[in-house]
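Working notes, beginning with the structure itself.
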Amino acid sequence: MRSGNPALSENTFLDLGSGTVVRGDAGAMTLNGTVNKTALLLVLCLTGALFSWSQFSSAMAAGNPGAIMPYVWGGAIGGFVVALITIFKKEWAMFTAPVYAVLEGLFLGAASAMFELRYPGIVLQAVGLTFGTLAALLLAYRSGLIKATENFKLGVVAATGGIALLYLAQLGMNLFGFHGMSFINGSSTIGILFSVGVVIVAALNLVLDFDFIEQGVEQGAPKYMEWYAAFGLLVTLVWLYLEILRLLGKLQSRN
């Protein structure tokens with residue numbers, strides 16, 4: 001039950017005290033319940049995104065683009081904090097997951113509006129590619145075309161960890177005034193190939209998440225894990241969307 005998604009680690013469905021799968025008294029986790037809660041979180045995320053998008057439009061019309069920054073930083077930092085709380089307090093997921101969805105929506109809406117201002121039409125393309133990838137990989141997983149074998153999981157987890165380390169290293173270098181690894185944000189051929197690789201890894205994490213959720217359902221995880229599993233899937237989708245948006249931005253900047 002390994003996943004590259006930090007929200008869905010191999011111990012997520014395990015009781016830390018006994019090391020055995022937990023079965024909730026109020027009912028077990030179901031696939032339909034997880035799907036419904038994922039859909040609800042996506043609606044909440046979209047609602048937050050539409051709100052901050054509209055605020056960005058108002059700020060631009062008023063000639064005050066800086067007014068949107070509270071939504072960018074508030075959504076990003078607030079979403080990160082709530083995500084950490086959710087990971088460490090899984091039983092709170094039914095309360096924290098919706099909050100995370102709204103906060104990430106605020107961040108995504110503002111960030112997307114900035115990209116759209118610079119590259120008209122890019123957001124619709126990114127949204128279409130994100131959900132197209134989700135649908136294609138879900139179909140491939142359900143049909144057995146892609147199987148989450150142990151080696152497959154190890155490869156995806158290793159690649160995800162490597163990407164995370166690169167991003168952290170770049171952030172640390174920027175904080176101290178160094179500007180190495182420009183390919184991460186640059187639109188050079190190497191930069192574009194890097195983004196393509198990151199998008200592929202992010203997409204493959206969806207396969208691991210599908211398998212992880214399926215295992216949780218089969219092993220009778222407690223009912224609140226439907227919220228937690230939906231939250232974990234949303235984390236991957238947000239990452240995939242942002243990486244696709246960055247890749248499209250790099251491609252369009254070369255035109």
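The values are calculated or read from the model by the stated rules, or taken from the named source; none is laboratory data. Only a predicted model underlies this, so the values are computations on that prediction, with no experimental measurement involved. Because the Cβ atoms are built from the backbone with ideal geometry, glycine has one as well, and the counts that use them run over all protein chains shown. Only protein heavy atoms, including side chains, enter the accessible area calculation; ligands, DNA and RNA are left aside. Shrake-Rupley method; radii C 1.70, N 1.55, O 1.52, S 1.80 Å.
Each peptide in 184-191, 170-177 receives the mean, over its residues, of other Cβ atoms within 10 Å, and ordering these scores from highest gives 184-191, 170-177.
With every protein chain in place and a 1.4 angstrom probe, the accessible-area ranking of F51, F95, F56, largest first, reads F95, F51, F56.
Charge tally around L234: other residues with Cβ under 12 Å, Lys/Arg +1 each, Asp/Glu -1 each, net -1. To put it simply, the accessible area of the chain at a 1.4 Å probe is 70 percent carbon and sulfur.
Using only Cα atoms and rounding to the nearest 10 degrees, what angle (0 to 90) does helix 150-175 make with the longest principal axis of the chain? In the chain, helix 150-175 runs at an angle near 40 degrees to the longest axis. For A203, the shell of other residues with beta-carbons less than 13 Å away shows a net charge of -2, using +1 for Lys and Arg and -1 for Asp and Glu. What shape does the stretch 148-217 have by the C-alpha gyration tensor, where a ≥ b ≥ c are the square roots of the eigenvalues, rounded means a/c under 1.5, and otherwise prolate means a/b greater than b/c and oblate the rest? Since a/c reaches 1.5 and a/b is larger than b/c, the shape of the stretch 148-217 is classed as prolate. For the stretch 120-134 versus the stretch 205-224, the spacing of their alpha-carbon centroids is 26 Å. Which angle between 0 and 90 degrees, to the nearest 10, do you get for helix 189-218 versus the longest principal axis of the chain when only C-alpha atoms count? For 189-218 against the chain, the angle is about 20 degrees.
With respect to the chain, whose longest principal axis is taken over its alpha-carbon atoms, helix 122-143 is tilted by about 20°. The residues of the chain present an accessible area of 50 Å² per residue when probed at 1.4 Å with all protein chains retained. When you restrict to C-alpha pairs under 8 Å that are six or more residues apart and normalise by the size of the chain, the relative contact order lands at 37 percent.
Peptides 196-207, 102-113 ranked from most to least packed by the mean count of surrounding Cβ atoms within 10 Å: 102-113, 196-207. When the C-alpha to C-alpha distance is required to be over 27 Å, the pairs from K89/K147; K147/K250; K89/K153; K37/K250; K37/K153 that qualify are K89/K147; K147/K250; K37/K250. For the stretch 45-155, the square roots of the Cα gyration tensor eigenvalues, ordered a ≥ b ≥ c, give a/c of at least 1.5 with a/b no greater than b/c, which places it in the oblate category. Taking only the C-alpha atoms of the stretch 66-221, the Rg (one decimal) and the largest Cα-Cα distance, Dmax (whole number), read 17.9, 50 Å.
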